[in-house]
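Peer 1: One structure coming up, written as structure tokens, with questions to follow.
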Amino acid sequence: AGSTNLHQYSIELCKWFVSNLAVWNQPFVHHEAIRSSLLECKDLPAQCRDASLVVDHLVGIGLLLPRNNASSSSSDRTYWFTLPGLGPAARAIADGRRRILSKVQRSNYGEIKRSVLEVGAVPSSR
């Protein structure tokens, strides 16, 4: 329910999030880093200072993805940076790689013609 209240601040939270990406110079961020950054930010309304609510909101809109950590403490949790819709795209790329490798492994000499790989592929726009 708290995350729903933050929807009116989505633009401000997204701007804050993007401005902190350079500070968080890893592909993930710790919950504690989010909390301290929120406390330091004077541009956000008071409703946006609760790190747990903000994290829930950012996960809900697809900008953060919880990492699988053994830790259950909220301050030790970490989150991957992501983009909405990135999961299905990454799965499609991985599936395509698996299909290509399977075709190459089934070939006689570990080689395959490009035209065989392009059968059923989406035509490129040249």
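Peer 1: K113: under 18 Å from I11 (Cβ atoms), open to solvent by 70 Å² or more (accessible area, probe 1.4 Å), free of Cβ contacts under 8 Å to residues at least 12 places away in the same chain and over 16 Å from the mean Cα position of the chain (by Cα), yes or no?
Peer 2: So K113 fails the test.
Peer 1: Across the range 25-60, what is the total count of residues that are outside any helix (DSSP H, G or I) and without any contact (Cβ under 8 Å) to a residue 40 or more places away in the chain?
Peer 2: Final tally of qualifying residues: 8.
Peer 1: Something else about it: For the range 4-42, give me the residue count where each residue is touching a helix residue (DSSP H, G or I) at 6+ places or on another chain (Cβ under 6 Å), open to solvent by 30 Å² or more (accessible area, probe 1.4 Å) and either polar (S, T, N, Q) or under 17 Å from Y79 (Cβ atoms) (or both).
Peer 2: Residues that pass the stated criteria total 2.
Peer 1: Considering only the range 11-24, state which residues are modelled with pLDDT of 85 or more and either within 17 Å of the chain's Cα centre (by Cα) or in a loop (DSSP other than H, G, I, E, B) (or both).
Peer 2: Going through the range 11-24, the residues modelled with pLDDT of 85 or more turn out to be 11-21, 23-24.
Within the range 11-24, L13, C14, K15, W16, F17, V18, S19, N20, L21, V23, W24 qualify.
Peer 1: Hey, could you check the range 53-72 for residues that are of a type in the set (G, A, S) and open to solvent by 50 Å² or more (accessible area, probe 1.4 Å) and say which is modelled with the highest pLDDT?
Peer 2: G60
Peer 1: Next question. Could you count how many residues in the range 75-103 are in contact with a Phe, Trp or Tyr (Cβ under 8 Å, 6 or more places away or on another chain) and open to solvent by 60 Å² or more (accessible area, probe 1.4 Å)?
Peer 2: Selection size over the range 75-103: 1.
Peer 1: Give just the number: which of (1) assigned to a helix (DSSP H, G or I); (2) at pLDDT below 90; (3) out of contact with any helix residue (DSSP H, G or I) (no Cβ under 6 Å at 6 or more places or on another chain) does S75 not satisfy?
Peer 2: (3)
Peer 1: Every residue in the range 41-52 that is farther than 21 Å from F81 by Cα and either touching a strand residue (DSSP E or B) at 6+ places or on another chain (Cβ under 9 Å) or at pLDDT 90 or above (or both), please.
Peer 2: Result: no residue meets the conditions.
The values are calculated or read from the model by the stated rules, or taken from the named source; none is laboratory data. Predicted model, so just to flag it, every value in this text is computed and none were measured. All Cβ positions, glycine included, derive from the backbone under ideal geometry; neighbour counts span all protein chains shown. To get the accessible areas, we keep the full protein, side chains included, count just its heavy atoms, and leave off ligands, DNA and RNA. Shrake-Rupley method; radii C 1.70, N 1.55, O 1.52, S 1.80 Å.
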